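Student: Sharing a structure below in structure tokens format, with a few things to ask.
The values are calculated or read from the model by the stated rules, or taken from the named source; none is laboratory data. All values derive from a computational prediction rather than experimental measurement. We place every Cβ from the backbone using ideal geometry, glycine too, and count neighbours over all the protein chains shown. Side chains are part of the model used for accessible areas, which takes the heavy atoms of the whole protein and leaves out ligands, DNA and RNA. Shrake-Rupley method; radii C 1.70, N 1.55, O 1.52, S 1.80 Å.
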Amino acid sequence: MFATQDTILKLLTLCALAHSITALALQERSPTPGGSAPLDSSHKYLIVRGESPSGSQEHVEFDNAATLLLRAFKNQQIPASGDLEECSAPSHKATFSGYDYVILLGMLVISLGIGIFYGFFQKGGSSSNEFLLGSEMNIFPVTLSLTTSFITAIELLGNPSEMYFQGTQFVLIVIPMVLVIPVAVKIFYPIYFKMELTSCYEYLGIRFGKEIRILGAVLYVIQMCFYTAVAVLAPAIALSKATGLDTKIAVVLIYVVCVFYSSQGGMKAVVIADSFQAAVLAVSLVLIVGLGCFYSGNPIQVFQTASEHNRLEFFNMDPDPTTRHTVWSVVIGGFFYWTSLFCTNQASVQKCMSLKSLRLAKIALGFAIIGLIAVFLLNFYTGLMVFTHYADCDPLTAGRISATDQLLPYYVINTYEHISSVAGIFVAGIFAASLGTVASALNSLSAVTCEDLLVNGMNIKISPEKGATYAKWMSLGFGIASFGLVFIVEHLGGVLQATLTLNGLIGGVTLGLFVLGIACKQANTKGAFYGGLLSLALVIFVGVVAQIVSVEQPALPTSIDQCDCHVNITNIIGGLLTEPVEIIEEGGFTSWPIFRLSYMWYSMIGCLLTVFLGWFISLVIDFIQRRNVLKITGKGIDNPAVSEEIFKSDSQVQYTTTTMIAEPRQPTSDEGHVNHAIRIDDE
């Protein structure tokens, strides 16, 4: 029999009504000595689920009434007709064909071949700079590689489900991508190229000192190790549920290929492989959209259906920061998120630094962002297209899939099952996005470890000839470590979303350290160090608590009115009745509004908090140091080596030696310490 959500609601209302009548009848049967006991005001009978503890009499009465009605509903249920099957247990499941496996393996073999060519047959790559930066690469492959670096498989599967279940407000995320371009090409990258950096965290070392450079590098290592594990595991699980492809096989294939060509071929192999994988990804997206115009509806039909079902939303101007997606949270919060990815993430900075000049880096970054916007818009449209296809039979409600991320793989595998190789091309595109993310991360992690942690942090002298060998072993080691984290994260369940949130929080703090160094000349080493650590502790605490106490955003209405299969409503109701109820009591620090903020604000909070605390602590430390100097020198009178002008200016205290020469001595070029970062800021 067919049933709608209205039927479920009516049945649950009957359960609540029966609960109320049963409770009233029981109280009428057991009067008190003075007569019938009046109903207690705390008894709220017209509820769908009991609010009282599971051991209370009210809860037991409700369960008994609900069980009786559910049993009666099962007995009166009309048997499904012979030509209809259970939606949750289909007799035929679409799976990968031999052609699909050939396409997927072919993409992986070509990626391996690129690593073999640049690792064993291509001359060069013998020094650390050539291995990590690729020694003046061409602009076209770097542009494609930059584009794929910002596209993860999580987004390729998550964006369509966001459009399907929540609407189109998140589409505005492409606006901050455009806004980041002038910030990147006018502020950040000119500094990087003038300093000729291998790691962007070298800037923090020049501006603040060794400690801050190590702090930035450690934060990046932690961020990318966990992020790569989640970026591989999440799509592998979704693909395995929808296509039958084993999760462990998918994870092993991705890591074996990535670790090999990133550790053997270096930056050149990563960039060329990313270019090939970008082509595979583009073909898969265009193919799905093109076929969808024929099988699911043309653009006019897609947008008309989305409008009729309230999926189109672009101007939610709600000022409440706890609202998940608004114009303010998506545009402003997204600006800080994308700035951290484009400007202070080693994976992207390293690829831009592999070009010959700053002008080429600006062009590559601009075209990469344009390509990224095009991919995102195609991905968003795919979600609306899938909604049009399933507008009258939601596969999640019907039991065809068990999670929202399985929506797009299920659509492709089942809708285009009769078209040979489409599923293989689609899964190859998803694998390509994962390969690009992991390979870029491994290469950048080896650069950060060699340059920032070994050479700068531990003072280990590495010759240019041995640098490439060290970098290769680092890529291999981080690949193995990230692969091991996959199986740890797999058993953490709900921590997956927390790990992705942690990525944005750490990125915001790192961006704050860079902004502090560029914009605040009063900032000093201790202020940046303690401000960064304190900000990191605060934002991680807020993010973790917010993930623990957060309530899942309810999806927009869906329908199962016209499913071509039998929807087992009793299983759905039974699951609702047996689902545990968590009673969240108001009060306590977890009810504070800050823990209900939209996740889109996390990067902005981390950045601004780091800048403010770093600046404030720097001023406090500078004030304390000035007072100490004043006490020692007696305001400059007792010590002729200290001039009174020192205490009137804002510059740091400098000490000079007295001389018997009448004319003032001119400082030589060898005296003092030149702060290159401030000099570049002045320029």
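Student: Spelling out what I want: for every residue of segment 170-175, take phi, set θ = phi - 60°, compute 6.51 cos²θ - 1.76 cosθ + 1.60 (Karplus), and round to whole Hz; glycine and proline get x.
Tutor: 5, 4, 5, 5, 6, 5
Student: Something else now. How large a share of the accessible area of segment 171-250, in percent, is made up of carbon and sulfur atoms when the probe is 1.4 Å and the other protein chains stay in place?
Tutor: 67
Student: Ratio of segment 131-204's C-alpha Rg to 2.2 N^0.38 Å, to two decimals?
Tutor: 1.47
Student: Taking θ = phi - 60°, what integer Hz values does the Karplus form 6.51 cos²θ - 1.76 cosθ + 1.60 yield along segment 590-605, in sequence order, with x for Gly and Pro?
Tutor: Running phi through 6.51 cos²θ - 1.76 cosθ + 1.60 with θ = phi - 60° gives 5, 8, 5, x, 5, 7, 10, 5, 5, 5, 5, 8, 5, 5, 5, 4 Hz.
Student: Mind listing the long-range amide H neighbours of Glu313? Cut-off is under 5 Å, sequence gap 5 or more, other chains count too, H placed in the peptide plane at 1.01 Å from N.
Tutor: Thr168, Gln169
Student: Quick check: residue separation of Leu84 and Trp473 times 0.36 nm, minus the Cα distance between them. What number comes out in nm?
Tutor: Going from the current span to full extension adds 134.3 nm.
Student: As an exercise, use a Förster radius of 35 Å and the Cβ-Cβ distance of Val183 and Ala403 to find the FRET efficiency, rounded to the nearest 0.05.
Tutor: 0.45
Student: Kindly state, to the nearest 0.05, the FRET efficiency for Ser421 paired with Phe487, given R0 = 25 Å and r defined as their beta-carbon distance.
Tutor: Efficiency for this residue pair is about 0.20.
Student: Expected output is a single nm value to one decimal: the length gained when fully extending between Phe294 and Ile249, i.e. 0.36 nm times separation in residues minus the C-alpha distance. What is it?
Tutor: Gain on stretching Phe294 to Ile249: 12.9 nm.
Student: Still on this structure: Between segment 497-554 and segment 139-186, how many Å separate their Cα centres?
Tutor: 22
Student: What are the ³J(HN,Hα) values, in whole Hz, obtained from phi via the Karplus relation 6.51 cos²θ - 1.76 cosθ + 1.60 with θ = phi - 60°, for each residue of segment 275-281 in sequence order, with x given for Gly and Pro?
Tutor: These are the phi-based 3J(HN,Hα) values: 5, 5, 5, 5, 5, 4, 4 Hz.
Student: Take the cross-link list Lys268/Lys521; Lys268/Lys466; Lys362/Lys526; Lys466/Lys526 and give me the ones stretching past 26 Å between alpha-carbons.
Tutor: The pairs that break the limit, which is 26 Å between Cα atoms, are Lys268/Lys521; Lys362/Lys526; Lys466/Lys526.
Student: Multiply the residue gap between Val109 and Ile363 by 0.36 nm, knock off their C-alpha separation, and tell me the result in nm, one decimal place.
Tutor: So the chain would gain 88.3 nm between Val109 and Ile363.
Student: Calculate log10 I(q)/I(0) of segment 420-461 for q = 0.19, 0.25 Å⁻¹, where I(q) comes from the Debye formula with a single equal point scatterer on each Cα and nothing for solvent.
Tutor: Calculated log10 I(q)/I(0) at the listed q: -0.62, -0.78.
Student: 5 Å is the cut-off here: which amide hydrogens, built 1.01 Å from N in the peptide plane, fall below it relative to His566, excluding neighbours closer than 5 in sequence?
Tutor: It is Glu85, Glu86, Cys87, by chain and number.
Student: Could you sort His309, His325 by accessible area so the largest value comes first, with the probe set to 1.4 Å?
Tutor: Heavy-atom accessible area, descending, gives His309, His325.
Student: Follow-up question, since we're still on this one. Would segment 284-349 count as rounded, prolate or oblate if I go by the C-alpha gyration tensor, calling it rounded below 1.5 in a/c and otherwise prolate when a/b exceeds b/c, oblate otherwise?
Tutor: The shape class here is oblate.
Student: So if we plug the beta-carbon distance of Ala279 and Ile548 into 1/(1 + (r/R0)^6) with R0 = 41 Å, what FRET efficiency do we get, rounded to 0.05?
Tutor: That gives a FRET efficiency of 0.45.
Student: OK, next. Wrap a convex hull around the Cα atoms of segment 336-404, take a quarter of its surface area, and give that in square nanometres.
Tutor: 6.7
Student: Moving to a separate point now. Name the long-range amide H neighbours of Ile560: under 5 Å, sequence gap of 5 or more, or other chain; modelled H, no Pro or chain starts.
Tutor: Gln5, Asp394
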